[in-house]
Every structure is written in C-alpha cells, then in structure tokens.
Amino acid sequence: MADNSTNRATPQGGILEGGNPSRYDPKNPIVIFIIQAFIIIVLCRLIHWPLSKIRQPRVIAEIIAGIILGPSVMGRVPGFTESIFPEASLPNLNLFANVGLVLFLFLVGLETNLRFLVSNWRVAGSVSAAGMVLPFGLGAAVSYGLYHEFRGDDGVKPIDFGTYLLFIGIAMAITAFPVLCRILTELKLLGTNVGVIVLSAGVGNDVVGWVLLALCVALVNAGSGITALWVLLVCVGYVAFLIIVFRPLFLRFLSYTGSLQKGPSQSVVTITILIALASSFFTQVIGVHAIFGGFLIGLLCPHEGGFAIKLTEKIEDLVAALFLPLYFTLSGLQTNLGLLDTGIVWGYVVAVVAIAFIAKVAGGTLASRACGLLWRECFAVGVLMSCKGLVELIVLNIGLQANILSTRTFTIFVVMALITTFATTPLTTYIYPKWYQDKVDRWRRGEIDWDGNPVQHSERNDSVTAAKEQLESHTVQRLLVYLRLDGLSSICTLAALLGPNQPPSPKVHPEKAQNDARSPEPAAEESASSEIHKDSSLKVHGIRLVELGDRESSVMKVSEVDEYPLWDPVINTFRAFGQWHDISILAGVSVVPEHLYADTVLGMARKDTADLLLIPWSETGALSEHQGGLGMDERNRFANGPYTSFVSNILNQSSCNVGVLIERSTYTRNAKGRPTIERTMSARSIGSAIWSSPAAARSHHIVLPFFGGDDDRYALKFVLQLTQNDQVTATIIHIDLPVETSKPTGNISARPKQRESSSSSQYDNFGAATDAVLFATLRDSLPNELSSRVIFKTVTLAKGDANTGVQTAIECVKDEMAQSASKPGNITIVGRRNTRVDQTLEVDAPSSEEVGIDARGALGAVAQAMVRTENRTVGNVLVLQAADSSSTSRHD
C-alpha cells in the first residue's frame, strides 16, 4: 500500500493534537498575531498608566514598550524573539500596522482644520516658518556628518546627499500636531495667546512637513531625476483633482444623504473609508507613500455640522486601541540601543537632541517675540513647538523602510523623539505656570502694574465705584451658570425670574414704521429711542463643559471649540431662551478633563466677576448627563461620587456667591399623582406625551426658612429680588431658635481648610440680634407692590426644641407648598450654613442613607433634609452660599 502520509491534511486540533501555538504557521498566522497583539497592547497600557500621572502622551509608552520587546531588552533573552516575534511573522504584523497607519493619517487629516490656519495666518506663518527654517538649516548641517559617518551601515540605499539632507531637515523641523493639541488642552492653554499661536503654527507646520516628506520619498523612489519630476507632477495633478473635482462632488453627496446635519450613516462611513483607501493605493503606486493618500482625503473632508468629529468617533477606537500600538511598537522593535556603542555615536546623539530642541525653541521664541508676546510666553511657544511625538516616529519609519536611515541612525532619532516629547509638558509648566498666566491676564486688563501692585484710580472714580457697588451689592446682575441637559429647564426658569419683568412693547410693521417716521411725534421718538438704547440689567453667561477623553475626537472638539456652540443643542436652546425673554446671553464651551471641571468653572467666575454662580445638581449623581426621561432612578443622586466632589470643590474655593439648584421633577418614579400620559401606537413606533398646565408653570411660589447667618441673609435678599417679578409669591419664615442653645458648628466637609474654624463666626459676621433686626426691618419696609405677594412669618421654638429646628422648617415648607396651586413652579430656598442649627445634626429618617456624607456637607444641614424622599416638596430646592467677605485673591 502506498504511503499517504505526505497527503495528510493539516492538523486542525491545535493544542489537543500536540500543536505549539507559539510556533509560527504561515498557513494559520492568526494565532501568533493574537499573541503578539495581546503582549503589545497590555504592555503599552501598563507603561502608560504611571506616565499618564505626569501628563505624558501615550506614544511615549508605545515606543518604550517596543524598545523593551526589541533587541535592546527582551531580545537579549534566549529564544524570546524567535518564539514571540519570529522573522517570518513580522510581515503580517507590519501589514496590520500599516493599514492602521493609513487610517490614522486619515484621522490626522480630519483633525487638521485649515480654516483655523487661515484665520490666524500672519502669526501662524511667522512662527511656523521660523520654527521650521532654523531646525531645517541646522539639521542640514548635522546631516553632513551623519551621511559620511553612517552611510556604510548595513541596509542603507546609496542615495544622493541632497536627498539625505532633505530628509534629516524634515525630521528635525516637523512638529507633532495631534500630541501638541492634547498637551495644550491638559495644561489649559487653549484660551491663552500661547495656545492660539501654537495651535495655528502647528497646523501650518504639519501640512508643510507632510508635503516636504512626500517630495523626499518621491526623490528616493525615483530611478532618475526625470522620473522624480513626473512623480511630483502627477502628485500635484492629483491634489488639484481632489480639490477641484472630488471635494465639491463629495460635499454634494454628503448634503444629499443628510450627513452634514445628522452625522454619517454606516454607508457613508464605509464609502469614505473606501475613498481613503483608494487614495492611499494611488499615491503608493505613483511612488509616494500610501499614508499621503489617506491624509489628503481626511484634509478635504468638511467640518461643517461636526461631520469630521462624528466621522472620527466612528473609527478612532479601533485605530487607537489596536493598530497604533502595533505600529509604534514595531518602531521600538527596530530600535537597538546596543548600536549606540561608541563615543562618536553618542556625540551625534547629543548633537541631534540639542539641535532638534534648541533650534525649535529658538525659532519659535524669536518669532513669537516679533509678534509682541512676553518673554515667558515666547519660550513657552518654543518649547511646545519642539514636541515631536508620534509624527516624528512616522517620518523615521518611512525613512527606515525607504533605506534612507540605517538601524543605528534610526535609533539615534528615536532617542531624540523620546527626549523632546517627554520634556515638553514639564518644561512648559515650569516656564509658563498658572500664577504667571493669572498675573499677565490681570496686567493686560489694567488691574495691576507689572510688579503686582493694584492700579490706583482717581479718588472720584473710586468713590463712584464704591457707591455703585454698595447700591447693587444685593442684586444679581451677572449670572454664571453651568449648563447641563438634565438641569436646563430649572436654570432657564430661575434666569427668567431674574430677568426683565416688563413685557415687550407692541411692534409695528416695518412699512408703517417708515411712514410714521416721516411725521414723527415726540412721544413716538422718545419710545423708539428708549427701545434702541435699552439694555437688559441681567447678563447671563452659560458655560458648557465637555469631557476631554483619550480619543482623537475629543482633541478635535478642542481645536474646533469656537464652532462647537453653533450646533450644540443645549447651548442653542439656552440662546433661544435668552432671546425670547430679552436676557443678554453669552454661552460657550470648554473641553477639559473631568478633574478640571471645577477649576474651569471657578476661573470663569473670577474672570466674569459673577454676582452668582449657579450649579444644577445632577439627576444621577454623575458628571455625565442623563437623558433617561420618565422612571429615572434617583437612588444614587445624592450618594458620594464625582458630582458631589465637583460641587464641593466649587463651594470650597469660590470667592463669589454660589447657588446649587436641585430640580425635583414632578414626573419621577416616586412622585404621587402623576399626570395623565397619553400613548399612541403605530406600526413603527410607540410614543407618549405629558400635558402640563401653562398657567401653573408661569407662576411660582417661593418659601425661605430663615435661621440666620451670612448665607440666610443673602438668601433673604435674593428672594426679595425674585419677588420683583409679578408672577412670584413668597413666604419667608423666621425659625427663631433660642440663642443660648446654639452650638459651635461642626466642620463641613465641603468647606476649605483655610476657612474651617471651631468658631461659628466663620460664616456669620453679625449675630442673632442682627438677624432679627434685619428680618423685622425688611418686613416693615416692604413696598406696597409686594405686600400682596410676600408674607413674613415667625415660628418661635422653646428652649428644649432647638434640635427640632430642621424638622420644623420642613413641616412649615410642606404646609406652604400644600396651599400653592402652582406646584411645578415652586422653589424652596435655603442658606447652606447657619449659626442656629448644628451642621452635624442627623435627622432620624428612613432614608438617612439616601444622602451621602459628602453630599450632606455640600448641601448643609437644612437642605440635605429637604431633598430626602419623605421630605420631598413639589418644585425645586435652591441652596445658597454667600461670598466670604474675608476672602482674598489667591494663586491657584
């Protein structure tokens, strides 16, 4: 019988048949690829975790992981490279990495907004040019020594010195725009002169660098000068075709599919990726690297309606989580630190690092100084422009693949990229610290001189300003609000109550107005003049916070933060509300990490000199916004968590009045007497609707339990300001507790350490007698127009009932709310701290665990009892904290 062993099929049992999964099988390469990818990704994440604590970009961890897995470290372990990274498996790994690189350059093109470059072209052009010319020139100088010293290394293609000079100059001059944008965001520099200049110059540097690199690759791949010329002409023609023919057709296609309005569908994403791959194919076959094709398509994709951001969100996770670590780890695998073995080689390492850093810093600094920046700002621009990052690694890998660089020269430049990228964040923080930014900002506004001394105005101006401040100290005219989707309705309601109370004057048709203008009457002229020059007394600044995550789309939101408010639904709704109610509205977006939310809001409050900072309480207790609607679970709303910490930090550090607005929806699961829900059903959808009474929503009843102290006194004045609106009624209840039973209040966890004291005077500059006098004075001097809508009451407790003050306040509020017909519009206003109730008092209730310890400290003794389920009042709860009169300006 013939031996059929040679015709036996490949075993499919794997390890069950004794197979070794770490042995590379060219017919089944997926096994070794999964092992390689798993090791690379896990190691990259482990290394990035400690580096992220010092604000280092992820590319640093990916390069270090590659160096560890390469011949420098693990390659010295016998059998490691042959088992995990055998030579035969590297082409498959390289293929995956290069596909990811094409998609990543497509994302870089999407991230590059040329309109930002055009709007700042003068500054961007000068800084970008100086930041490229000087490093390019010095890089050309050092390239002479590198060319003659290392051109005999293995694997180097014999090329002209001019082409080598061009490549080394590009490697020295290029800047990593994606990494740069993230560093600017994490250091909160985007709103400064430094951030604007660096971002604009980075875009220009990025585009010019890729164009020069394409030229260099074309020269290397061409067999002769005439071939290189043809390659460049075809490339120029292709770019012109994309701009003149492709982009208009692509925009028409996106408009036809509605992708610019509602985002790309799965079909549009598929077609766009296929176009990017086709473009990469074309640029590769004409002699230019495939990455340029993907970059060009990304560069030409529109940014209108957030299309570029939404498209990036569809594909970025797979690229960043899988493909990029493979690519940059491959760079590390090809880096051999053991080749840096002589004094001459280390001399070139020092020279390359010094030129790449000093030339970049000097070029950016001198150009920035010519634009009028201060010296510290100029040095900060130079240091930021020296960041190399992942773009440098891409350039170096292209040079290695094209045999321009040897492995030794490649290693020299990888070390340079690591050092310059690692040094960017700490050096920028040292040169341009936060205290210096605040000082320059105040100096440019004319508040202080350069030495930090307050600018002295004339005596008359000081007296006039003091008189105005004394006159307007009790009114809220500048309101700063934190805009959230889950607190938008209550924010708008409160802003409307503070806004103009007079209805708008009747309008006249434009044609009739023109006829009346020919024969104007004095009264009409006076009315028209007053309407033109009338300015709303209330100015509301809304700030929308968007989390800066580790995705590229978050970075894109940062670079397009000026356009983001145009299509953000919360801001558009808030802006429309202001127009309808004749309120001056300014709304903006800040894209920052979650741990900087409180600092961002407080910085805006200081900049605006806000009279009141209004913070809505999250419906879920999380910083992320919830859109759940009916039946929302509120069990974790007041538990200890990130939102409680956010509110506590604001209360700790704020130097202005703060209000925490807690919206108690009528339609939650626990509410009684739900409104009727009408349901409709069709073949495609099920819908529901809730009807509410417009008259009830228009009127508001406010109850203030008044104990005493700075916060309660401010709350009393705030209530009287709200009652200027003729749709508001108010009941002010003085809970008169015996003075002798007052206890020194315990520390409130949400107060700053410098303000905590064993004395209750830390938030009461007066006393119980002053509170009673103020209450009686305001009650007796109530204007006639308010007498029918405002009632003052006093509830006096006996000496033994002092500890029941909070429960008494709750019962009084419930009784008042029960008498009101406008329950959806009711508001209970309380002072956060007072001197008559022990702030550590624990109310015995079945829901005592509903409010966490940190939330109790943030809300105060009275409010934390008000928000519990059994004490639910229909309407909202507003907790007010008065500004500390003894607070002084402090550096962050």
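The values are calculated or read from the model by the stated rules, or taken from the named source; none is laboratory data. Since this is a predicted model, take the numbers as computed values, not measurements. Reconstructed Cβ throughout: ideal geometry from the backbone, glycine too, with neighbour counts over all protein chains shown. When the accessible area is computed, the model is the full protein with side chains, heavy atoms only, and any ligands, DNA or RNA have been set aside. Shrake-Rupley method; radii C 1.70, N 1.55, O 1.52, S 1.80 Å.
How many Å² of accessible area per residue for the range 298-354, probe 1.4 Å? Each residue of the range 298-354 exposes 33 Å² on average to a 1.4 Å probe. Per atom type, the range 43-132 shows carbon and sulfur on 70% of its accessible surface, probed at 1.4 Å. Extending 7 Å from the Cα toward the beta-carbon at both Thr808 and Val236 defines two label points whose distance is 8.9 nm.
If R0 is taken as 30 Å, the Cβ-Cβ distance between Glu870 and Asp726 corresponds to a FRET efficiency of 0.30. About the centre of its Cα atoms, the range 12-148 shows a dipole size close to 560 debye [charges on the beta carbon of Lys, Arg (+1) and Asp, Glu (-1) only; nearest 20 debye].
If the chain linking Glu304 and Ile358 were pulled fully straight, counting 0.36 nm for each residue of separation and taking away their Cα-Cα distance, it would gain 15.6 nm. Computed in the context of the full set of protein chains, the accessible area of the range 304-368 at 1.4 Å probe radius has 73% of its extent on carbon or sulfur. Calculated translational diffusion coefficient of the range 312-451 (25 °C, 0.890 mPa s; Stokes-Einstein with Kirkwood radius over alpha-carbon pairs) equals 140 µm²/s. Once both labels are positioned 7 Å from their Cα atoms along Cα-to-Cβ, the gap between Ile448 and Ala278 label points is 6.0 nm.
Modelled this way, with points 7 Å down the Cα-to-C-beta line, the labels at Asn403 and Trp567 are 4.7 nm from one another.
Across the range 48-102, counting alpha-carbon atoms alone, Rg and Dmax equal 13.7, 38 Å. Per the Debye calculation on the range 309-378 with a single equal scatterer at every Cα and no solvent contribution, log₁₀ I(q)/I(0) for q = 0.17, 0.21, 0.25 Å⁻¹ amounts to -0.85, -0.85, -1.00.
Using the beta-carbon distance between Asp341 and Leu114 and R0 = 45 Å, what value does 1/(1 + (r/R0)^6) give for FRET efficiency, to the nearest 0.05? Between Asp341 and Leu114 the formula returns 0.50. Here the range 153-209 has an Rg and Dmax of 16.2, 49 Å, counting Cα atoms alone. Semi-axes of the range 105-188's equivalent ellipsoid from the Cα gyration tensor, sqrt of 5 times each eigenvalue, largest first, rounded to whole Å? The three semi-axes for the range 105-188 are 32, 16, 12 Å. When the range 239-375 is described by a simple charge dipole with +1 on each Lys and Arg Cβ and -1 on each Asp and Glu Cβ, the residue from Trp346, Ser368, Ala290 located farthest towards its positive end is Ser368. Multiplying the residue separation of Val73 and Asp582 by 0.36 nm and subtracting their alpha-carbon distance yields 176.4 nm. Projecting the Cα positions of Gln334, Leu299, Ile271 onto the charge dipole of the range 206-346 (unit charges on Cβ atoms of Lys, Arg, Asp and Glu, taken about the Cα centre) puts Ile271 furthest along the positive direction.
Each of the peptides 395-406, 22-33, 99-110 was scored by the mean count of other Cβ atoms within 10 Å over its residues; in descending order, highest first, they stand as 99-110, 395-406, 22-33.
How high is the FRET efficiency between Ile419 and Ile243 when r is their beta carbon distance and R₀ equals 45 Å, given to the nearest 0.05? After rounding to 0.05, the efficiency reads 0.70.
If the chain linking Ile30 and Ala370 were pulled fully straight, counting 0.36 nm for each residue of separation and taking away their Cα-Cα distance, it would gain 116.7 nm.
In this structure, the amide hydrogen of Val481, modeled 1.01 Å from its nitrogen in the peptide plane, lies closer than 5 angstrom to those of His541, Gly542, Ile543, Leu614, counting only residues at least 5 positions away or on a different chain.
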